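Participant: Pasting a structure below so you can have a look.
The values are calculated or read from the model by the stated rules, or taken from the named source; none is laboratory data. Source: prediction; values computed, not measured. Note that we place each Cβ from the backbone using ideal geometry, even for glycine, and neighbour counts take in every protein chain shown. Side chains are part of the model used for accessible areas, which takes the heavy atoms of the whole protein and leaves out ligands, DNA and RNA. Shrake-Rupley method; radii C 1.70, N 1.55, O 1.52, S 1.80 Å.
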Amino acid sequence: MFNVPADADRLKKLGIIGFRFLEETGSTNDDALAWAEQGAADGSLVVADTQTRGRGRLDRQWVTSPGSALAMSLILRPTPAEAAQAGLFAGLGAVAVAEALEQGWGLKPQIKWPNDVLLGGKKACGILSEAAWSGSHLQTVVLGIGVNVAPSSVPLQEALLFPAICIEAAAGRTVERQDVLERIMERLFFWRPALGSVEFLDAWNRRLAFRGQAVQIVMPGYNINGEVMEVDSAGGLRLCRSDGNVETVLAGDVHLRPAGNGR
Ligand code: BT5
């Protein structure tokens with residue numbers, strides 16, 4: 001499916017400087033972090049057909065079945081301005097995926113804060129942004145993106161915290177993984193220079209799932225209930241509590257679920 005040498009040329013035009021394709025690996029984020037440690041350039045990309053130890057946040061499992069999903073990790077070397085906005089990188093990935101699906105297949109994705117892309121209210125993509133620091137200097141951001149493309153990429157519902165879907169089911173036709181990859185990278189490098197801008201936050205907020213709806217934010221030790229307002233300029237989620245006070249929740253060890261939903 002990935003015609004590596006030819007596609008590497010196409011990817012270069014999109015801003016992908018280095019490209020590694022693996023039939024099978026543990027986690028492309030681990031591979032990218034190791035490659036970054038060895039000096040990989042900004043814009044290097046690791047793609048795998050299948051992962052045996054794909055990771056979500058808090059070491060939750062991310063399932064990548066062979067031949068049907070996209071698992072990729074982009075190495076970014078943040079500029080000082082980007083480093084000051086490190087909380088926005090997962091949103092950058094989510095906006096890029098959402099726009100790719102809109103432009104490529106006419107879909108209507110929503111972004112479930114902080115890091116999921118939903119189609120018809122079901123999870124089609126998860127994003128894992130990881131950082132490597134040297135002292136207080138942010139050296140690397142690895143943006144890991146997992147997308148369910150064909151039906152066999154969707155794990156059994158029993159194994160999941162939230163319902164899942166794939167692009168082909170939402171689009172009602174076959175979809176090439178290479179096409180999804182290229183469209184995501186095109187949108188990602190389009191938005192990157194505008195990270196943190198009003199336009200970028202607007203692109204995120206326009207697609208924010210559960211806006212105006214009651215949700216529960218589950219954090220280690222305690223939960224917050226409130227109505228989803230918007231994502232703020234640091235990538236935090238502003239919630240309106242029942243007493244009218246506004247609270248901002250930062251991404252991290254959190255989990256958002258619709259209020260009254262046991263998931
Ligand atoms: C995420 O974490 O959603 C981030 C997933 C990032 C995956 C990419 S793939 C390339 C790169 N390499 C990696 O090792 N990771 C990145 P989180 O919000 O914690 O959600 C994890 C939860 O999603 C799991 O606990 C499951 O409930 C669910 N899940 C696992 N696999 C799924 C899939 N294929 N489709 C939908 N949901 C899934």
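Participant: For Arg53 and Glu176 in one chain, what is 0.36 nm times their gap in residues minus the Cα-Cα distance, to one decimal in nm?
Facilitator: Net length gain for the segment: 41.9 nm.
Participant: Are there any trypsin sites (Lys or Arg not before Pro) in segment 1-100 that are in a DSSP loop and have at most 15 other Cβ atoms within 10 Å? List them by number.
Facilitator: Counting only loop positions with at most 15 other Cβ atoms within 10 Å, the trypsin sites (Lys or Arg not before Pro) in segment 1-100 are Arg53, Arg60.
Participant: Report the gain in length on full extension from Leu161 to Tyr222: 0.36 nm times residue separation, minus Cα-Cα distance, nm rounded to one decimal.
Facilitator: 20.1 nm is the gain from fully extending Leu161 to Tyr222.
Participant: So what is the accessible area of the chain per residue, in Å², with the probe set to 1.4 Å?
Facilitator: That works out to 44 Å² per residue.
Participant: Still on this structure, I have one more. Under 19 Å from a point 7 Å along the Cα-to-Cβ line of Ala132: which residues of segment 90-110 have their amide N that close?
Facilitator: Correct set: 90.
Participant: Additional query: Write out the GluC sites (Glu not before Pro) in segment 153-234 meeting two conditions: DSSP loop, and at most 14 other Cβ atoms within 10 Å of their Cβ.
Facilitator: Here the sparse-neighbourhood loop sites are Glu176.
Participant: Taking the Cα centre as origin and putting +1 on Lys and Arg beta-carbons and -1 on Asp and Glu beta-carbons, what dipole magnitude results for segment 4-205, to the nearest 20 debye?
Facilitator: Rounded to the nearest 20 debye, it is 260 debye.
Participant: Would you list which lysines come within 23 Å of Lys112, measuring only between C-alpha atoms, while excluding same-chain residues fewer than 8 positions from it?
Facilitator: Within the straight-line cut-off, Lys112 pairs with Lys122, Lys123.
Participant: With a 1.4 Å probe and every protein chain kept in, tell me what percent of the accessible surface of the chain is carbon plus sulfur.
Facilitator: With neighbouring chains kept in place, the figure for the chain is 50 percent.
Participant: Could you derive backbone 3J(HN,Hα) for segment 31-44 from the dihedral phi with the Karplus parameters 6.51, -1.76 and 1.60 (θ = phi - 60°), listing whole Hz in sequence and x where the residue is Gly or Pro?
Facilitator: Karplus-based 3J(HN,Hα) across segment 31-44 equals 4, 5, 4, 5, 5, 4, 4, 7, x, 4, 6, 3, x, 8 Hz.
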